[in-house]
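Some notes on the structure that comes next.
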Amino acid sequence: MENKKIGKIIIISGPSGVGKKTVWTPIIKEPKFNLVFSVSMTTRPKRIGEIDGTDYFFVTKQKFEEAIVAHELLEYATFAGNYYGTPKKYVDSIREKGQNVILEIEPKGGLQIMNICKQNKDENILTIFIAPPSLGELEKRLINRSSESKDVIKKRLEQAKWEIQQQKYYQYVIVNNPGQQEEATKQLFDILSKNLK
């Protein structure tokens, strides 16, 4: 049997509003990295401009709960009454093609996947934490995003305090400073260059 190269899981975590997507998007099409973005599943309503199957797989609460029972998710979490999770089959199919898969997930989910990989002795994982320069800056970004109520923003900031403490479990930390997103992207590019041989 030929030894097929299995793609790497690349976890990009950080609190909501830190700008994870703006950091990795410019390099997703870089041919040498062979990257595919893993689409998460959620029960939250679609935001304006979002596309089902591209931004998220938008599903009903019942469908999500069936996926939990059937162990079809690598990780999942609830936030503000909605489920978010990573479909296992989708990630496996990408890795089996030898492609590296980017998982943009909350730190809670990131830690769940790190534990699964540890249990399965799967060392094909790269973990990167995108951190805000401060909680005040994060609050500003969440307010400017104008996509959520004050209550949800307050919950996100409460959660962010715990999430920021989890960065110590990640292999790399990138601070996404305001107006310096290109610098954060360059750091990510360098990390991937070093780890994706």
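The values are calculated or read from the model by the stated rules, or taken from the named source; none is laboratory data. Just so you know, these numbers come straight off a predicted model, no measurement behind them. Side chains are part of the model used for accessible areas, which takes the heavy atoms of the whole protein and leaves out ligands, DNA and RNA. Shrake-Rupley method; radii C 1.70, N 1.55, O 1.52, S 1.80 Å.
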Task: Sulfur and carbon atoms: percent of accessible area, the chain [1.4 Å] - done: 52 percent
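Could you tell me what % of all Cα pairs in segment 33-96 have separations over 20 Å? Walk me through the numbers on the way to the answer.
Values: 520 of 2016 pairs.
Value for segment 33-96 (Cα pairs over 20 Å): 26 percent.
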TODO: Return the sequence-ordered ³J(HN,Hα) values of segment 132-141 in whole Hz as given by the Karplus equation 6.51 cos²θ - 1.76 cosθ + 1.60 applied to θ = phi - 60°, using x for Gly and Pro.
DONE: x, x, 6, 5, x, 5, 5, 4, 4, 5
Open item on the list: With n ≥ 4 as the cut-off for DSSP H runs, can you work out [θ] at 222 nm for the chain, using -39500 (n - 2.57) per run divided by the number of residues, rounded to the nearest 500?
Closed with: -12000 deg cm²/dmol
Open item on the list: If the elastic network links every pair of Cα atoms under 10 Å, which of Asn176, Asn100, Asn115 fluctuates the most in the Gaussian network model of the chain?
Closed with: Asn115
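Write down the Å³ per residue value for the convex hull defined by the alpha carbon atoms of the chain.
Numbers: hull volume 25.4 nm³, N = 197.
Hull volume over Cα atoms, normalised by residue count, gives 129 Å³.
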TODO: Please find, in a Gaussian network model of the chain (springs between Cα atoms separated by less than 10 Å), the residue of Thr42, Thr54, Thr185 whose mean-square fluctuation is greatest.
DONE: Thr54
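Give me the number: length gained by fully extending Lys46 to Ser93, i.e. 0.36 nm times residue separation minus the C-alpha to C-alpha distance, one decimal in nm.
Details: separation 47, 0.36 × 47 = 16.92 nm, distance 2.54 nm.
Contour length minus Cα-Cα distance gives 14.4 nm.
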Open item on the list: Which three extents, in angstrom, do the Cα atoms of segment 60-111 have along their principal axes, listed largest first?
Closed with: 35, 23, 16
- [ ] Express in nm, to one decimal, how much length is gained between Thr25 and Leu196 on full extension, taking 0.36 nm for each residue of separation and deducting their alpha carbon distance.
- [x] 59.8 nm
